[in-house]
Amino acid sequence: MKKGKAAAVKTTDASRLASAKAGRKRAKVGHSTMTAAEQQWTETTMNPPPMPTAAALVVAKDTSGSGLTAKPSKRTKLAKRVDASAKPTTAVDRVTEASLEWKSVALPTYIAGGDDEIGGMLSLQEIDGVDCTWEEDESTGGRILKFGKPQGSKAGNVSKKRSKAKPASRSQLATPEVDPEEEEVDDFYDTVNWDDFVLVDEYSDEKAASGELVSIGERLRNAEALEEEEDESSLSMDEDVDVASAMDDSASEVGDDDEDYDAGYPVEDVEDPDVDISAWEIYGVHADLLRALKHLGFSVPTEIQSKTLPQALAGRDIIGAAETGSGKTLAFGVPMLQHIAKRREKWTAPTGLILTPTRELAIQVKDHLKAMSRFVRARVVAIVGGMSLPKQERLLNSQPDIIVATPGRLWDMVSSNDTYLNQLRAIRFLAIDEADRMLEPGHFKELKFIFKAVNETPLQPRESKRQTFVFSATLLKDMQINARKPSQKAMKRNQGKPKPGSMEDLIERVGFQDKKPAYVDVTQSEATARTLVEARIDCLANEKDAYLYYFLVRYPGRTLVFVNSIDSIRRMLPMLRLLNVNVFGLHAQMEQRQRLKNVDRFRDTENAVLVASDVAARGLDIPRVDHVIHYQIPRSGDLYVHRSGRTARACQEGLAIMMVSPEERKLYYKMCEMLSKDISPFPVDLDLVGKLRPRVDLAREIDLKEHKMNKESHDKNWFKKNAEEMDIELDSDFMSSSDDEYGGKAPQTEKHQKQLVQSLKARLGQMLAKKVMGRGISARYLSSGLISDLAERLTDTTNTNAVIPTLLKESALETAKVKIGSKRRK
């Protein structure tokens, strides 16, 4: 057997060599000496190779009359399966690419992710109903693409037949390659009668005697029946399915904690609260949206809403400017939901697209619109970075009505998927929230490509023109404080173009279809909210921590502290935690889940501090923020307005305080000049600041030592890990105490540092346990001080300060009002 097999292989190789030589001879003479089969083979290839042998052509159907046919052979079941996956089993007619019915495809005007437009490509075409197969070329060692169409069908009709066919089940769609071991296992399962077996974990003598045992075969049949029912139900789902069942968690929500739209009950059975919404009815708002306004308690529209809705519902493009917390979200959200509520036909693409600069703002806008669409069959999704990409793809595939997105993540998904790109071109509404930040030069480069894609002509024409809404709190106002003037090169480059930040520049970049959009400006000359009280604290740069701790201790409440850098947040968080301050952090380099979790904790905690970068400055709606502290002066005037706008929202009062150091005086004066106001100083008890300063200094020292120790430990672990991977032995002085056999100076020093940190922490704990007494108060003689009721204050824990019991609880807002009022009277 071995000799015969070797001889057969040798003969086959000789025949291939002879046929190759004959092919080369015929190629020299010319193609006129080729047979009909050879001629057909050469015509159907894009790059004709040498003529293969008859053994290679035996799998194809004989259409040239050469007499070549496939001869059946006796093979095992496994061999037949392997051949079926490797060779086409259906007979095909080989055709040339010129004879196929090509269809032109619209050529995009840009390459996804690139700045340059396409050049050099003449046309782009596609074709349906053609089988493309790759075949090995023995002479070159590569592969050749060949076209063919199934026998008895015309190119172009195959796709129609496929569309009418019955959808295949999951088991039919999966066609993995067959492995010999898996084939044996499959045969074993087919030969076993599983009705005679039960699961070991469920077996017991009692169940066997009572006949309660369920066989494995019955379980398998039940599982198959359940899977078929699920497939049928998913295929038969249409637009009449209830909203609560159609919108599952994986396709309609961004976070894992979100709930369904209707909370498990039909919308018709919800009892509407007794709220007068007649002020909304005059604008022609849909009845379902009026019900949602009742449940949200919005009885009267705000100023920006009352001036925007009539023109927006009439189809006008809007450019709106309103102070923070004035209800801009509903100003552009109600027209979108109104269009969805009145729509009768089945939608095939998203109706609205809302772009926001931050992830938190996008999720917040999504939540607000979701609450407004409670009684409307509308699906609102958020597409933001930091989330699972497959889950975000499922959200886009769920055919949402409104997409709220950040530009970066949206363009990453759209630029690599033509389906998403076509849907983007067909949107009916485009809204840009916090537009001054979004349209700043040098920021959000993806906006250029998104605007270009949105303004392209869609494959299917829209029912009407697209509406565009642009909103911000500081839009088109001269709020920027530039440290330097633009260079001459930049001025020459922008010559002939609209001035950056002007109305013409905005209209040109966004691509308004209404050449004269309606401009609605309800901002005041002060730029900040009317109910906002502003003050400042003058201090040295190295004393800001002490003054901040003094303010947090004396005026507890929900306080938002803004800094200019992420390093400042990382430095302040451990220091404030050592001082027993309930503090959270928020910056752009945090994971998205942690960012959302910190915002929720800050929102749910009454006396909490959130130290944040400018990522929390825009649009973030946290109710009842008592104080906003500018630990460092913002770099621009509009940033100051947005930061301060996190308090005093929805006509409520709030306090914003700037901490000004001598180095920041110049920038502070520019800020006051831009705001056209003089910010009054905030009253500070310097004696209490001096008594609290040792605590802050000690906490800062502990944090510095711990940071140094952690950094050294991290560096050593890094060297140790890489040395082990490279099989290198480190010096004993470099190793940690656990690896040093002789106990050198380095381990002793490290141990000493840890003991020193522990002793400092114990000392800080003793300091924090003591109460702070104000000036003129004697701890020995309670009745001899300036406060006559000192004994009552020390025993009263409800009305006095927890750290400074000699002081009654007081509001920082009222203190600032008294100080400002007295200054104005003077």
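The values are calculated or read from the model by the stated rules, or taken from the named source; none is laboratory data. Since we're looking at a predicted model, the values are computed, not measured. All Cβ positions, even for glycine, are placed from backbone atoms using ideal geometry, and neighbour counts span all protein chains on display.
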Practice item. Within the range 604-619, count every residue that is surrounded by 23 or more Cβ atoms within 10 Å (Cβ to Cβ) and not in a strand (DSSP E or B). Key: 4
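Could you pull out the residue among G585, G557 that is outside any helix (DSSP H, G or I) and either in contact with a Ser or Thr (Cβ under 7 Å, 6 or more places away or on another chain) or on the phi > 0 side of the Ramachandran plot (or both)?
Result of the check over G585, G557: G557.
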Point to revise | Candidate set from the range 378-403 (those that are touching a strand residue (DSSP E or B) at 6+ places or on another chain (Cβ under 9 Å) and more than 14 Å from Q423 (Cα to Cα)); member that is surrounded by the most Cβ atoms within 10 Å (Cβ to Cβ) | key: A382
Exercise for review: Report, ordered by the first and then the second residue, all pairs with beta carbons closer than 8 Å, sequence separation of six or more or different chains, a first member in the range 463-480 that is closer than 11 Å to D514 by Cα and surrounded by fewer than 20 Cβ atoms within 10 Å (Cβ to Cβ), and a second member that is of a type outside the set (V, I, T) and modelled with pLDDT of 80 or more.
Suggested key: K465/G315; K465/Q513; K465/D514
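Find the helices (runs of 4 or more DSSP H) located wholly in the range 637-731 whose residues include 1 or more that are surrounded by fewer than 19 Cβ atoms within 10 Å (Cβ to Cβ), touching a residue at least 12 places away in the same chain (Cβ under 8 Å) and of a type outside the set (S, T, N, Q), and list them.
It comes to 665-675, 686-725.
Here is a list: K342, K366. Which entry is among the basic types (K, R) and modelled with pLDDT of 90 or more?
K366
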Check your understanding: On the given criteria, is Q755 more than 27 Å from D567 (Cβ to Cβ), at pLDDT 90 or above and of a type in the set (S, T, N, Q)?
Key -> yes
Exercise for review: Evaluate the range 580-603: report whether one residue or more is touching a residue at least 24 places away in the same chain (Cβ under 8 Å), over 31 Å from the mean Cα position of the chain (by Cα), farther than 29 Å from I820 by Cα and surrounded by fewer than 21 Cβ atoms within 10 Å (Cβ to Cβ).
Suggested key: yes
Point to revise | Filtered residues of the range 506-528 (kept if modelled with pLDDT of 85 or more and among the hydroxyl-bearing types (S, T, Y)) | key: Y519
Exercise for review: Output the number of the condition that M413 fails; it satisfies all remaining conditions of (1) touching a Leu at 6+ places or on another chain (Cβ under 7 Å); (2) without any contact (Cβ under 8 Å) to a residue 60 or more places away in the chain; (3) within 27 Å of A473 (Cβ to Cβ); (4) not hydroxyl-bearing (S, T, Y).
Suggested key: (3)
Check your understanding: In the set N564, N542, N580, which member is under 24 Å from L667 (Cβ atoms) and in a loop (DSSP other than H, G, I, E, B)?
Key -> N564
Study note, to complete from the structure: When the range 338-392 is checked residue by residue, the ones that are in a loop (DSSP other than H, G, I, E, B) and small (G, A, S) are A349, S373, A378, G385, G386, S388
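Does the range 317-328 contain any residue that is closer than 19 Å to V380 by Cα, buried (at least 22 other Cβ atoms within 10 Å of the Cβ) and in contact with a Ser or Thr (Cβ under 9 Å, 6 or more places away or on another chain)?
At the first step, the residues of the range 317-328 found to be closer than 19 Å to V380 by Cα are 327-328.
Next, only the ones that are buried (at least 22 other Cβ atoms within 10 Å of the Cβ) stay: 328.
After this cut, where a residue has to be in contact with a Ser or Thr (Cβ under 9 Å, 6 or more places away or on another chain) as well, the list is 328.
For the range 317-328, residues closer than 19 Å to V380 by Cα, buried (at least 22 other Cβ atoms within 10 Å of the Cβ) and in contact with a Ser or Thr (Cβ under 9 Å, 6 or more places away or on another chain): present.
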